[in-house]
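> Below you will find the structure I want to go over with you.
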Amino acid sequence: MAIHKILVVDDSKTELMVLSDLLSKNGYSVRTAENADEAFRRLGEEKPDLILMDVVMPGQNGFQLTRAITRDPQFSNIPIVMCTSKNLETDRVWGMRQGARDYVTKPVNGEELLSKIRALS
């Protein structure tokens, strides 16, 4: 499956801007959400090909949201890449156990992120 549309979920407007800029300059169509409720609204509007998921957010965190999305039959086939400042191995393992397909730590290395996205295509 080719990846064209990416949903970026992060409560930081700065991160949303940086990631959106990086992805759109590399040919991806980007939508953003600042929390779990907004992410589910975006999923209902238009199904993305990939989700970049922050972990530390108010309300439902990225681990919980990843688990909810990957367990929903309507969205379970959308790959999720955790994109977070939580850089411990236990965090990475937990993220993968919630259904994430990959894990990138902030500050994001643009080339690393793009290669991980290409690997999922």
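> Does MET53 fit the bill of being touching a residue at least 12 places away in the same chain (Cβ under 8 Å), over 12 Å from the mean Cα position of the chain (by Cα), within 23 Å of VAL108 (Cα to Cα) and crowded, with 19+ Cβ neighbours inside 10 Å?
No, not satisfied.
> Still on this structure: Going through region 83-105 one residue at a time, which ones are at pLDDT 95 or above and either among the basic types (Lys, Arg) or at positive phi (or both)?
ARG92, ARG97, GLY99, ARG101
> Is it the case, given these coordinates, that ILE69 is crowded, with 18+ Cβ neighbours inside 10 Å, at pLDDT 95 or above, out of contact with any Ser or Thr (no Cβ under 9 Å at 6 or more places or on another chain) and farther than 13 Å from ASP10 by Cα?
Against the criterion (crowded, with 18+ Cβ neighbours inside 10 Å, at pLDDT 95 or above, out of contact with any Ser or Thr (no Cβ under 9 Å at 6 or more places or on another chain) and farther than 13 Å from ASP10 by Cα), ILE69 does not qualify.
Yes/no per residue for (1) touching a Gly at 6+ places or on another chain (Cβ under 8 Å); (2) not basic (Lys, Arg):
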{"position": "ASP49", "(1), (2)": "no, yes"}
{"position": "MET53", "(1), (2)": "yes, yes"}
{"position": "GLY59", "(1), (2)": "no, yes"}
{"position": "LEU65", "(1), (2)": "no, yes"}
{"position": "THR70", "(1), (2)": "yes, yes"}
{"position": "LEU88", "(1), (2)": "no, yes"}
{"position": "ARG101", "(1), (2)": "no, no"}
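The values are calculated or read from the model by the stated rules, or taken from the named source; none is laboratory data. Since the model is a prediction, treat every value here as computed from it, not as a measurement. All Cβ positions, even for glycine, are placed from backbone atoms using ideal geometry, and neighbour counts span all protein chains on display.
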